[in-house]
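Every number in this text was worked out from the coordinates using simple rules, so none of it is lab data. This structure is a prediction, so every number in the text was calculated from the model and none was measured. Positions of Cβ are backbone-derived with ideal geometry, glycine not excepted, and every protein chain shown enters the neighbour counts.
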Amino acid sequence: MMMNNRPWRVAVIGCGMFANAQYLPNIKKEANAECVAVCDIVPERAQQACRKYGIPEWYASVEELIEKCDFDIAIDVASIQAHHEINMAILGAGKHLISQKPAASTVEELTEQIELAKSKSVKFVCVPIHPMRYDINVAKQMIHDGVIGEPTYIKCNMEHGGPEYFQYRDADPSWFFEKGAGALVDMGVHGLQIVTTLFGPVKSISCLAAVTDGERTVRSGAYNGLKMKTDIIPDEYMICLTFKNGKIGFVDTGFSQKATKTPQLEIYGREGTISFTKPYMENKRPDVYMDCPQRGIRGWISTESWESIPKKLISQCCCLRDIIDAIEGDCEPVLTPEHARHILEIMCKIPDAIESGCTVQMKTEF
Ligand SMILES: NC(=O)c1ccc[n+]([C@@H]2O[C@H](COP(=O)([O-])OP(=O)(O)OC[C@H]3O[C@@H](n4cnc5c(N)ncnc54)[C@H](O)[C@@H]3O)[C@@H](O)[C@H]2O)c1
């Protein structure tokens, strides 16, 4: 497909915490791209982003952005509940799209988006970005090369203390605890993407969940001190997974760990363990324990000289590089919407698993 000598023109939709932390400051650093417009239903936030990052245009609605702005790629980083409507509008307008998670609230909606992207011949990338991570790719390669022998199970701890506690934002964080959002779609999505990146599609799930804190107080930012009722949806999930390959996994996720010393991710094999001891983006490479009596090794080893290492990530705006590679090479992105749909199906079926206390079967693949 076409190669672009001039920078790709990007529009960022939603100018909240994440756009300011990861996308707006990194667009030029991550790819041959520039931000030509921002959009937020709160105009002051869009105007503020324009001033801060020298962006020429701002809009208060996606419709106006589509009508008036000349852009190639949109990044939807608005509140979770707004994603489906925004994504359908962007894809329908024939623009390439990166969607923040979850891209939709049901599998059917995301299928609608995937089909629309195909019919418009545009590229569609869904984050999180874990399959692009250097350390995850190193672990994947190690598993493939038999460093820990036959892998047996995987365990992921994906938690923080809550968006009102852990993150600074000027926007009101109440929406994180409302229907359609919540800890599962905000945090669980990361754990589920990581374990499926390493162990593949899931066959069945079961889950325990609880509300650990039914009233929270915002602890930073413009809404510091605001009390919120947070008892509508669970803030703690313990998800058990059986993968299609017969192996098992566990994802502990939620807004209920103010601090932890648990490794974020461990992969166990018959001959060793791969351990991620630091939060993601901070792991240089995972720690590895090998039990290899033939070579006289029984202990934690250094993984310094691994070959074919993927590029190191600068920021979570690396997804822009992924979509531009897919556009320029006319190929599939690494961060496919089909993988996102599989994770969405898990998240949509978790309430059934909790309520019934039974194991629930999966349908989608990636
Ligand atoms: N590590 C991660 O991957 C990570 C971390 C935090 C947030 N996120 C994701 O980023 C997205 C935004 O989260 P945030 O923390 O920045 O939230 P936020 O509340 O700080 O910002 C959301 C912004 O979207 C705007 N908005 C809402 N509806 C809109 C619409 N229809 N059109 C345009 N703008 C609209 C709001 O006014 C607000 O400014 C969510 O999807 C969230 O899941 C990802």
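The modelled label-to-label distance between residue 248 and residue 222, using points 7 Å beyond Cα along the C-beta direction, is 4.8 nm. Excluding same-chain neighbours fewer than eight residues apart, the lysines reachable from residue 278 by a Cα-Cα span under 18 Å are 140, 155, 258, 261, 312. Summary value for the chain: 20 percent relative contact order, contacts being C-alpha pairs under 8 angstrom separated by 6+ residues. Highest mean packing comes first when the peptides 326-336, 38-48 are listed by Cβ atoms within 10 Å, giving 38-48, 326-336. Entry note: the range 2-46 has Rg to Rh equal to 1.03, where both radii use alpha-carbon atoms and Rh is the Kirkwood radius. The stretch between residue 63 and residue 208 holds 48.1 nm of extra length on full extension. This uses 0.36 nm per residue minus the Cα-Cα distance. Stokes-Einstein diffusion for the range 79-137, with the hydrodynamic radius set to the Kirkwood value over Cα pairs and evaluated at 25 °C in a medium of 0.890 mPa s, equals 207 µm²/s. For the range 224-236, 3J(HN,Hα) computed residue by residue from phi via the Karplus equation (6.51, -1.76, 1.60; θ = phi - 60°) reads 3, x, 5, 8, 10, 6, 10, 10, 7, 10, x, 10, 9 Hz, glycine and proline entered as x.
The tail of the calculated P(r) for the range 79-205, taken as Cα-Cα distances beyond 18 Å, holds 63 percent of the pairs. Under the definition of Cα pairs under 8 Å and six or more residues apart, what whole-number percent is the relative contact order of the range 209-366? Value for the range 209-366: 10 percent. Taking 0.36 nm per residue of separation and subtracting the current Cα-Cα distance, fully stretching the chain between residue 355 and residue 170 would add 63.0 nm. Placing +1 on each Lys and Arg Cβ and -1 on each Asp and Glu Cβ, with no other charges, gives the chain a dipole about its Cα centre of roughly 900 debye.
For the chain, adding -39500 (n - 2.57) for each run of n ≥ 4 DSSP H residues and dividing by the number of residues yields -8500 deg cm²/dmol at 222 nm. Sparsely packed loop sites in the range 140-187 (the chymotrypsin sites (Phe, Trp or Tyr not before Pro) outside DSSP H, G, I, E and B with at most 15 other Cβ atoms within 10 Å) comprise 168. Between residue 331 and residue 70, what's the calculated FRET efficiency when r is the beta-carbon distance and R0 is 41 Å? Round to 0.05. Step by step, r from the Cβ atoms, then E = 0.95. On full extension, the segment bounded by residue 82 and residue 277 gains 66.8 nm, given 0.36 nm per residue less the C-alpha separation. Short-range pairs are left out: with C-alpha atoms under 8 Å and at least six residues apart, the relative contact order of the range 254-293 is 31 percent. In terms of packing, defined here as the mean over residues of other Cβ atoms within 10 angstrom, the peptides 231-244, 117-130 line up highest first as 117-130, 231-244. Between 238, 262, 362, the Cα set farthest toward the positive side of the dipole of the chain (charges on each charged residue's Cβ, about the Cα centre) is that of 262. Sorting the Cα pairs of the chain by distance into bins of 10 Å, from 0 upward, gives 5, 23, 32, 26, 11, 2, 0 percent per bin. For the listed peptides 220-228, 204-212, 267-275, 97-105, a ranking on the average number of other beta carbons within 10 Å per residue, highest first, reads 97-105, 267-275, 204-212, 220-228.
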